[in-house]
1. Apply the membrane-span-like helix rule to the chain: whole DSSP H runs, Cα extent along the own long axis of at least 15 Å, mean Kyte-Doolittle hydropathy at least -0.5. List the helices found.
2. Quick one: P(r) of segment 40-176 from all Cα-Cα pairs, 10 Å bins, percents rounded to integers, in order of increasing distance.
3. For Q37, put the label point 7 Å out on the Cα→Cβ axis and report which residues of segment 117-141 keep their amide N under 15 Å from it.
4. I need the calculated FRET efficiency for the pair L109 and A129, taking r as the beta carbon distance and R₀ as 22 Å, to the nearest 0.05.
5. Within 10 Å, count the other beta carbons around each residue, average over each peptide in 210-218, 173-181, and list them highest first.
6. Run lengths n ≥ 4 of DSSP H only: what is the helix-derived mean residue ellipticity at 222 nm for the chain, with -39500 (n - 2.57) per run over all residues, to the nearest 500?
7. In the set (i) 21.1, 73; (ii) 19.8, 70; (iii) 18.1, 58, which value of Rg and Dmax of the Cα atoms in Å was calculated from the structure you see?
8. Classify segment 184-290 from the C-alpha gyration tensor, please: rounded if a/c falls under 1.5, else prolate or oblate depending on whether a/b exceeds b/c.
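No value in this document is a laboratory result; all are computed from the given coordinates. All figures in this text were calculated on a predicted structure; none of them were measured in a lab. Virtual Cβ from ideal backbone geometry, glycine too; neighbours counted across all protein chains shown.
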Amino acid sequence: MASHWEEFYSTHLPPTDFEDNRKLLKEFCERHNKAGQRVVLITSGGTTVPLEHNTVRFVDNFSAGTRGAASAEYFLEHGYAVIFLHRLKSLEPFTRHFTGQKFMDMLELHERGPSTTITVKPDCVDIVAPILARYKAAQEAGRILYVTFTTVSDYFWLLRASCECLAQFETKALLYLAAAVSDFYIPSSELPTHKIQSGAGAPTISLQLVPKLLAPLVSLWVPHAYVVSFKLETDESILITKARDSMNKYKHKLVIGNILQTRRNRVVFVTPENNYEIVLTREQLLSGMEIEDTIVSNIIESHTEFIAQHKY
């Protein structure tokens with residue numbers, strides 16, 4: 001009998017651009033593996049659950065992709081190659097600093113007859129220049145690959161394809177699973193083809209549990225990788241227990257727990273041996289410090305120890 005996750009793959013088609021993305025993943029991983037590079041797969045943003053095949057309505061997950069996008073920048077600073085598997089139109093590294101009208105307000109338009117030039121306002125150069133420099137350095141070195149998903153099915157197919165390419169890195173692969181993955185879905189076979197009509201009255205929608213991919217990921221797809229998952233809760237009293245339960249069930253290396261209301265300034269690291277907090281003070285937050293900087297530094301330190309312990 002097929003497992004829950006195998007059944008999901010057998011009943012849901014891959015995204016239309018799947019083969020193109022798989023080729024990009026394969027080329028990216030082969031190049032960086034030959035160079036002896038460490039690589040991190042960062043998943044970021046929320047998945048959707050369509051209510052129709054020709055999707056007009058869908059159930060979404062709360063996530064702007066802030067943690068994943070910020071973390072990608074810090075992993076790049078530490079020399080990692082980055083696969084950034086993210087929700088389409090969610091926040092991305094570097095451009096996340098200029099959301100909405102903020103970037104347009106930093107520009108000046110100069111019209112001189114037939115020619116027009118655009119410049120960055122002098123008082124904004126010190127803000128834009130270092131971010132642009134880091135972006136250009138990552139792009140020119142080919143150290144970041146952007147791959148997008150929308151639905152939970154897209155995410156499943158692209159996550160497995162990423163893991164298949166990452167397996168060759170063995171202990172040098174790090175998985176940073178920060179995406180907000182739907183817990184429930186409607187099987188493809190039960191979706192109506194066209195838009196649900198309101199004239200028929202309120203629909204009855206039956207949701208099923210989404211398979212937990214941590215199980216095959218840790219035991220089958222990338223058994224030698226350093227795997228980090230996240231646990232978001234709204235109830236402080238169950239956070240450590242839920243994180244510890246996940247750790248014990250899937251046998252990966254680290255669960256990072258956070259509470260919805262305080263996720264910007266406090267997280268809890270839960271390891272097989274212990275748990276400890278990372279907290280930013282109000283002064284640190286006001287100075288512009290991001291908790292992802294400390295999160296990534298701590299993870300890289302643990303990843304380095306992990307690699308050293310598993311040298312053959």
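1. Going by DSSP H runs, the hits are 66-77, 125-140, 152-166, 291-309.
2. It works out to 11, 33, 29, 18, 9, 1, in whole percents.
3. Flagged as within label range: 135-141.
4. On the way: r = 20 Å, r/R0 = 0.89.
In this case the efficiency is close to 0.65.
5. On the way: 210-218: 18.8, 173-181: 24.6.
Highest mean packing first, the order is 173-181, 210-218.
6. Numbers: 9 runs with 111 residues, N = 312.
Here the helix-only value at 222 nm equals -11000 deg cm²/dmol.
7. (i)
8. Values: a/c = 2.72, a/b = 1.53, b/c = 1.78.
Oblate is the answer for segment 184-290, as a/c is 1.5 or above yet b/c matches or exceeds a/b.
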